[in-house]
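The values are calculated or read from the model by the stated rules, or taken from the named source; none is laboratory data. Quick caveat: nothing in here was measured; it's all calculated off a predicted structure. Cβ placement follows ideal geometry from the backbone for every residue including glycine, while neighbour counts extend to all protein chains displayed.
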Amino acid sequence: MLKILGKTLAVITVALGVYELFFQNNKIMPYTMFSLGSMILVMGVSEIKEERKRIGIFSIFVSIFLFLVTIYISLN
């Protein structure tokens, strides 16, 4: 379940990134950052379930940072 969700979020993140790159549309940057943070959060939970706690906890901290950046970008 987590692997399917992670792969789906990865495809969404790449699609949004490619769209931003080709069409120079920076208005969807918060959505890209949110999907990237969600993908890393799912990866972190998956790593913790596989007994790789250090990488999992680091991934969760990175996703929290990305969520904070997303909020900051959205408010400006």
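Here are a few things to note about the model shown:
- Count - residues of the stretch 20-50 that are within 16 Å of the chain's Cα centre (by Cα) and free of Cβ contacts under 8 Å to residues at least 24 places away in the same chain: 7
- Condition check for ASN26 on (1) touching a Gly at 6+ places or on another chain (Cβ under 7 Å); (2) at pLDDT below 90; (3) of a type in the set (S, T, N, Q): one failure, at (1).
- Restricting the stretch 2-18 to residues that are exposed (fewer than 13 other Cβ atoms within 10 Å of the Cβ) and under 15 Å from PRO30 (Cα atoms), the residue that is nearest to the chain's Cα centre (by Cα): ALA15
- Residues located in the stretch 51-67, provided they are in a helix (DSSP H, G or I) and either basic (Lys, Arg) or within 12 Å of the chain's Cα centre (by Cα) (or both): LYS53, ARG54, SER59, ILE60, PHE61, VAL62, SER63, ILE64, PHE65, LEU66, PHE67
- First in the stretch 1-18 and in contact (Cβ under 8 Å) with a residue 24 or more places away in the chain and under 19 Å from MET33 (Cβ atoms), second anywhere and of a type in the set (D, E, K, R) and part of a helix (DSSP H, G or I), Cβ under 9 Å, 6 or more apart: none
- Restricting the stretch 29-70 to residues that are β-branched (Val, Ile, Thr) and under 18 Å from GLY17 (Cα atoms) leaves a set whose member that is surrounded by the most Cβ atoms within 10 Å (Cβ to Cβ) is ILE40.
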